[in-house]
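As structure tokens, the structure follows; a few thoughts come after it.
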Amino acid sequence: MDNQTRISRRTVLKALPVAATLIASPDGLLAQRASAAAAAAFPQPEVWTSQNVPGTAGGVLERTLDVRFTETFIPGFGKATTRTYNATIPGPTLRVRGGDQLRLTQVNGLPPNAPFDGDHNIPHNFNSFNLHTHGLHVSPSGQADNVMREFPPRSQAGGSEPSYLSVIDIPADHPAGTFWYHPHLHGAVSEQIAGGMTGVLIVQGDVDEVPEIAAAADVVVCINELKISKNAEPLFDTGTALVEAASTYTVNGEVNPTITLRPGEVQRWRLVCATAFTPMALHLTGASPAPAMHQIAQDGITFAVPVETSQVNMAMGNRADILIQAAGPGTYELHADALTGPLLTVQVAGQPVNPPMSLPQQLPPGKEPFDDVYLANLEVDREVRWHVDPNVLPSPFQNAFRVLGSHPTPAADPQGDLTRDPKYGRFDPMYVNHTLRRGAVERWVIGTDEKMTNFNHPFHLHTNSFLVTHRNGVALDPPVWHDTIGIAGGNPGDTVSFLVRYEDFTGLAMLHCHNLQHEDLGMMQLVDYVED
Ligand SMILES: [Cu+2]
């Protein structure tokens, strides 16, 4: 398929109204939902849905993701040549259910890697990748959500393009919600995500059956931060290359697209912060009254009740599902602090929905909170502390991004100057920082030494979600399930405290800073989930 064909296919998809992705609903709400959404030619990624397998309880989503350099057209920006999934930014949206199996073949159509024999905490092998299903509670081993794998390209020009299979079994009782997928090969992650290699992954289930939610248009809002200069992505092979490349923010592959709601309409937005470097404090601006925002889930875990909010705080990697309820006609903009332009224009127009659509009073919680006995125990089992030593390492990356705390990677020279030590607190694929026993419940405290204001180091743990109970020692009411939690800089000593139970799966997995360049530079630790 040549570039032109790829571009035209995306344009066709982009023009489809939201209603085209709706699934049949047994109640009479579908007509209202479809008509409410039909006016909105808002871009949506292509949707791949799992198929039932006769005679079995679960379905299968078996498709091929093709990864290569492609030229995409980004409305509001222009053309860009980057590594993509299936020639689109973002890639296809995957829709599965608990009990399904995800079988993804990934073709590596990228050129051979440049030779590299340097330190593994220097970005490298930009044309190798793998697959991470961010937030899914699935196996981190074998062919599943295993980020220790590498999918290299052909070794020489003209060789055949290799392909790789990922097989991921979604547990039958997996929470229903919004997740995402992206490559996670240490050293190449930020390069690939800043080129748009991201996609949304939806687990369907109980929350979708809540009548008020079933009636609402189901809209993916995937926010990307692309680094494009002269229509291409620069190589992040020096400490300054990334800083010098301006960020272009897109929603579903367009700069500032417009979404339309009718007065009285409620839509469900699946907000995905698929950025690599920048957190988003999202809020609506415009005439009063602006549409109301009610958050119903965080990081794929449904709340017990909707929570009205005027600002949705998203660190890199976070998802938030919100119900947005339009009042009177008007034009509004979705803004993120620290960004100049709007991410999204919201148009409330057309025939009012009569009677106005309503919000649910209660929701099926995606995960029960821990018992009081755990919540009351504030004893700390593990500590992670983000720490940066600037200008201590040789070029081309002089800043040392470290994970200190209770289980740091040991120093090369424990008696020497630790601030200049190349190994201390940096990722070592041969060193297990945390051995975590299945079934155990532990309390972690994540802290930061970061002095730079707004230098966010989000904490992300693979395989198991955690219940955030405290920020800076103050209890959250109620506590909130996360798989990623932002910790802004500027106040060294800030902390987040959470409880986590290591459930179901064994194998090697990661915790890391979700500023993905920091991760590539070594701000990551290895965890080993083991049998109890
Ligand atoms: Cu960081």
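The values are calculated or read from the model by the stated rules, or taken from the named source; none is laboratory data. Keep in mind it's a predicted model, so treat the numbers as computed, not measured. Neighbour counts run over all protein chains shown; Cβ positions are idealised from the backbone, glycine included.
Computed quantities for the displayed model
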item: Test for residue 369: is it more than 21 Å from the chain's Cα centre (by Cα), buried (at least 16 other Cβ atoms within 10 Å of the Cβ) and away from the ligand (no atom under 16 Å from the Cβ); result: yes
item: Qualifying positions in segment 496-510 - more than 16 Å from the chain's Cα centre (by Cα) and assigned to a strand (DSSP E or B); result: 496, 497, 498, 499, 500, 501, 507, 508, 509
item: Considering residues of segment 455-481 that are within 14 Å of the ligand (Cβ to nearest atom) and of a type in the set (A, V, I, L, M, F, W, C) only, the residue farthest from residue 277 (Cα to Cα); result: 459
item: Count of segment 291-344 residues which are over 22 Å from the mean Cα position of the chain (by Cα) and β-branched (Val, Ile, Thr); result: 3
item: Selection count where residues are within 12 Å of the ligand (Cβ to nearest atom) and touching a Leu at 6+ places or on another chain (Cβ under 7 Å), scope segment 482-510; result: 0
item: Residues being out of contact with any Ser or Thr (no Cβ under 9 Å at 6 or more places or on another chain), more than 11 Å from the ligand (Cβ to nearest atom) and in a loop (DSSP other than H, G, I, E, B) - total across segment 511-532; result: 1
item: Wholly within segment 243-360, strands (runs of 3 or more DSSP E) carrying at least 3 residues that are surrounded by fewer than 20 Cβ atoms within 10 Å (Cβ to Cβ); result: 280-286, 292-298, 301-309, 330-336
item: Only one of 425, 416 that is modelled with pLDDT of 95 or more, more than 16 Å from the ligand (Cβ to nearest atom) and small (Gly, Ala, Ser); result: 416
item: Segment 460-495, residues that are within 17 Å of residue 369 (Cβ to Cβ) and assigned to a loop (DSSP other than H, G, I, E, B); result: 464, 465, 483
item: Identity of the residue in segment 428-452, within 16 Å of the ligand (Cβ to nearest atom) and of a type in the set (A, V, I, L, M, F, W, C), that ends up farthest from residue 532 (Cα to Cα); result: 452
item: Residue 233 within 30 Å of residue 269 (Cα to Cα), more than 18 Å from the chain's Cα centre (by Cα) and at pLDDT below 95; result: yes
item: Residue 302 vs. criteria under 21 Å from residue 89 (Cα atoms) and either at pLDDT 95 or above or of a type in the set (A, V, I, L, M) (or both); result: no
item: Test: residue in segment 482-492 that is surrounded by 22 or more Cβ atoms within 10 Å (Cβ to Cβ), under 15 Å from residue 381 (Cα atoms) and touching a residue at least 60 places away in the same chain (Cβ under 8 Å); result: no
item: Strands (runs of 3 or more DSSP E) wholly inside segment 392-449 containing at least 1 residues that are basic (Lys, Arg), surrounded by fewer than 14 Cβ atoms within 10 Å (Cβ to Cβ) and touching a residue at least 40 places away in the same chain (Cβ under 8 Å); result: 434-437
item: Residue within segment 112-125 that is without any contact (Cβ under 8 Å) to a residue 40 or more places away in the chain, outside the structural domain of residue 268 (by TED's automatic domain parsing) and in contact with a Gly (Cβ under 9 Å, 6 or more places away or on another chain) present; result: yes
item: Options 278, 238: the member that is touching a residue at least 24 places away in the same chain (Cβ under 8 Å), out of contact with any strand residue (DSSP E or B) (no Cβ under 8 Å at 6 or more places or on another chain) and of a type in the set (S, T, N, Q); result: 238
item: Test: residue in segment 292-301 that is without any contact (Cβ under 8 Å) to a residue 40 or more places away in the chain and either over 29 Å from residue 479 (Cβ atoms) or outside the structural domain of residue 257 (by TED's automatic domain parsing) (or both); result: no
item: Sole residue being over 30 Å from residue 441 (Cβ atoms), touching an Asp or Glu at 6+ places or on another chain (Cβ under 6 Å) and not assigned by TED's automatic domain parsing to the domain that holds residue 194, chosen from 329, 356, 360, 364; result: 360
item: Qualifying residue in segment 206-214 (condition: in contact (Cβ under 8 Å) with a residue 60 or more places away in the chain, part of a strand (DSSP E or B) and buried (at least 24 other Cβ atoms within 10 Å of the Cβ)); result: no
